[in-house]
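Have a look at the structure below before the remarks.
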Amino acid sequence: MNKRGIIKLSIAVIGTAAIAAALLLNGTGGGEAKTAGTGASCAENDDKAPLKIAALAGSPADNVQQVAQNGKLRLLYDSSKGLVHLEDMATGAKWYSFPQNRTGISDSQSATVQNPMVIRYTQGAKPTQTFPGKEAGTATPVLIDGGVKVDYALTSIGLHFTMEYRLADDGLDVKVPYDSIREAPGCRLVSLEPVPYFEAGNAVENGYVFVPDGSGAIIRFKEKHLEYFDRYYQSVYGGDYAFNTKTKETVLKNAKEDIFPSPRETIAMPVFGIHRGAQGFAAIVTQGDHDAKIIASPSGYQNVNLYRSSVEFTYRNDDIIFIGDSGEIPMYQGGMIAGDRAVRYVPLQGENSGYVGMAQAYRNYLTGERGVKPVASNGPSLQLQLIGGVVRDEIIGSTYMAMTTFEQAKEILESLSAKGVDSIELTLEGWSDGGAFGRQPQHFPVAGKLGGTTGLEELAKYAESKGIRLYLDANYVKPYANSGAFKESKDVIRNLNREPMLVREPNLATLQQQKGMKHYLLKPLTALAKLNGELDRYAGLSISGLRLDHMGDMLYSDQNVSAPFSRKQTMESWTSALDSVRRQVGAAAVGYGFAYTIGHIDRIDDAPLDSSHFIFEDETVPFYQAVVHGLIPYSGAASNVRDDGRSEFLRMIEYGAMPKYRLSYANSSELKRTPLDDLVSSDYRDWIGPAADEYRRAAEALKQVAGQPIVAHERIDKELYRTRYAGGTDIYVNYGSAAKTADQVRIEPGSFAVRKGGNAK
């Protein structure tokens, strides 16, 4: 992003009197600050007439005409509405950018649901929402290569932008070029939501909305349902930690009283879709995913009886600050977040129109256009994470706790091998001097109390001799505030108030910040420099790779006025770091696995295996897994910290995830008063047997489908699920308390069965 300023709104309330505000701008060109009073007109002229939609040159005003075709699809433009639709040239199926079944939609809502764009802009106060049909101005279509563009000049709000509709090989690209946007001095663009009612479904139809909530979730069309006062409205890749309001529910003057959101999953993949009748679509955010939200509105939300889904592109973020006794002061970014924004709509039909078909469309995009190659895998490995050292607080001072020395790690590996575990990937946490957190982002020297460099090298040689891949855990993103290995004044990101962003973890009982450890977020370029400074030392240890904490589950910007850094730039920094590790060390792993890391990593830890279970969500689905299975090996949460061991084991099998355990040689009671005191059961002696048994059972199913994509997934009944893989293997999972039969296969209660070529095991 170019140099950005700040839009600052200052509000003072005296008795019942007035509200005064000022919008402070320090534009991207670095000019002098400007002011604009709240409520100042954005209009370019006095025209109050409705939007004038011009016809394509040489065409009637009410004409629907083909503007492009590629042999499979044709794109048609409706001059009367300024909207488009797709048509399959072989089947005649159509996909409209506005709802066809408008049963229950009032005349006053008709214009709303037949609009090409939802616009949010600010004049210094809360954003105003509108759409082109409500404004004065013009919409001028022009034919372009592969489609049509519409130039909007909304003179009543001083906003100009272009929407491009262009055929791709497999669908429709909808794009807003960044250089087409022009805004009036008194109004600032906040967000654009293109084609918000694309293929929107009516409650009387059969279908569902897919949202990428964690592993994925669906919202089924229903005529009768609860009254919904909210919708799905979540940031792709999570909220931006440079803005308090993007990661907290409530921001108050006393930060200790801030309210965090309840535990929920994050959007890891920028995809949404709708399945309706015998067809559907997958929408893939191809540009601007770093600053976007996915929206899904159930029928009845704001009295609109339609199920819809869309993407909202953010151009300016906002936050709240407190100065003295002034109360809340809303603030907006001064300059727009740069970059083109684009979303691709891939039409789907028949059996491929559900959430697995949507996943296959995204997988094809990743492998075809982004060049993602599958990571070689011989089958599931037991993911073993061992805690090395950690510092424990004492009444006076602190004590270094050696939870697992390198020699003890070897002993644990030998115990697992003796119980028949023949494939292991080992990840060491807290291996450096200072233990877990310690002096991060500085990771060397190796902890002498664990065995030092020599002990680690010997462990690496032993692992290699046994075919065990050894990873070291490293954190260059979110260091402990008191580590002493970085400078707060120059190495950490800042918020709109120019203060260093301090990050605390929430107390899950109160949803307020918990006492104890606090963290800063490093500037991405600082994180890269710290990593690059240690890569040669990693390479000299003969390890298999690194797991880079937070690069796969945290994306943020830096609002430092003198050196701003966008989320897109952070994304590029993280992928650059992962590529460097693969080149110089061997392999790279991340947690959760945001989509931008795919193609740059060899393993995903803590992959999402659940959704957030919002009230309007009806079912959790393995969309994420249908995208990555056979591309990248992945595991879920550690088995020794499960809430419901039986159900979560079955979910692991159903979703094709590798088993994982997070253990230590010393008893977990030694972790009290340490940053890892939430790991309540880690003693390897308690878990060696269960780990070996779980690995054996998982391998029974998952070795047969190694490297194969998921091609179908079905909920046969409330407690029975079937996952089908490309090689023809079906895995049935029974969550119930009674045996069940499907496809002549008997599945015992609380268990699973595998069928390949008609034989069940």
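Remark: Val148 matches the filter, which requires a residue to be aliphatic (A, V, I, L, M) and more than 28 Å from Phe594 (Cα to Cα). Would you check if there is a residue in region 222-229 being aliphatic (A, V, I, L, M) and touching a helix residue (DSSP H, G or I) at 6+ places or on another chain (Cβ under 9 Å)? Scanning region 222-229, I find no residue that is aliphatic (A, V, I, L, M) and touching a helix residue (DSSP H, G or I) at 6+ places or on another chain (Cβ under 9 Å), so the answer is no. Among the residues of region 123-148, those identified as out of contact with any Pro (no Cβ under 7 Å at 6 or more places or on another chain), part of a strand (DSSP E or B) and either more than 19 Å from Pro185 (Cα to Cα) or not assigned by TED's automatic domain parsing to the domain that holds Asp47 (or both) are Thr138, Thr140, Pro141, Val142, Leu143, Ile144, Gly147. Looking at this structure, is Ile688 surrounded by fewer than 20 Cβ atoms within 10 Å (Cβ to Cβ), hydrophobic (A, V, I, L, M, F, W, C) and assigned to a helix (DSSP H, G or I)? Yes: the conditions hold for Ile688. Listed conditions (1) in a helix (DSSP H, G or I); (2) touching a His at 6+ places or on another chain (Cβ under 7 Å) are all met by Ile653, apart from (2).
In region 443-453, is there at least one residue being within 21 Å of Ser381 (Cα to Cα) and either in a strand (DSSP E or B) or free of Cβ contacts under 8 Å to residues at least 12 places away in the same chain (or both)? So far as region 443-453 goes, no, none of its residues is within 21 Å of Ser381 (Cα to Cα) and either in a strand (DSSP E or B) or free of Cβ contacts under 8 Å to residues at least 12 places away in the same chain (or both).
Those strands (runs of 3 or more DSSP E) of region 197-303 in which at least 3 residues are small (Gly, Ala, Ser) and either over 16 Å from Ala595 (Cα atoms) or touching a residue at least 40 places away in the same chain (Cβ under 8 Å) (or both), considering only elements entirely within it, cover 279-287, 292-297. Of the strands (runs of 3 or more DSSP E) contained entirely in region 702-761, those carrying at least 1 residues that are of a type outside the set (Asp, Glu), in contact with a Pro (Cβ under 8 Å, 6 or more places away or on another chain) and within 18 Å of Pro622 (Cβ to Cβ) fall at 710-717, 720-725, 730-734. The single residue among Pro441, Pro445 that is closer than 26 Å to Tyr661 by Cα and in the same structural domain as Lys703 (by TED's automatic domain parsing) turns out to be Pro441. Only one of the numbered conditions (1) at positive phi; (2) of a type in the set (Gly, Ala, Ser); (3) in a helix (DSSP H, G or I) is not met by Ala527, and that is (1). Step by step: first the residues of region 106-122, then only those that are closer than 22 Å to Leu86 by Cβ and assigned to a loop (DSSP other than H, G, I, E, B), then the one that is farthest from the chain's Cα centre (by Cα). Which residue is that? So the residue we want is Gln114.
Would it be correct to say that Ser215 is among the hydroxyl-bearing types (Ser, Thr, Tyr), surrounded by 20 or more Cβ atoms within 10 Å (Cβ to Cβ) and at pLDDT 95 or above? Considered against the rule, which asks whether it is among the hydroxyl-bearing types (Ser, Thr, Tyr), surrounded by 20 or more Cβ atoms within 10 Å (Cβ to Cβ) and at pLDDT 95 or above, Ser215 comes out as yes.
Taken over region 202-216, the criterion of being more than 15 Å from the chain's Cα centre (by Cα) and closer than 25 Å to Lys175 by Cβ is satisfied by Val209 alone. Of the strands (runs of 3 or more DSSP E) contained entirely in region 366-429, those carrying at least 1 residues that are under 30 Å from Thr575 (Cα atoms) and of a type outside the set (S, T, N, Q) fall at 382-387, 389-393, 424-429.
The values are calculated or read from the model by the stated rules, or taken from the named source; none is laboratory data. Fair warning: this is a prediction, and the values are worked out from it, not measured in the lab. Note that each Cβ is placed from the backbone with ideal geometry, even for glycine, and that neighbours are counted across all protein chains shown.
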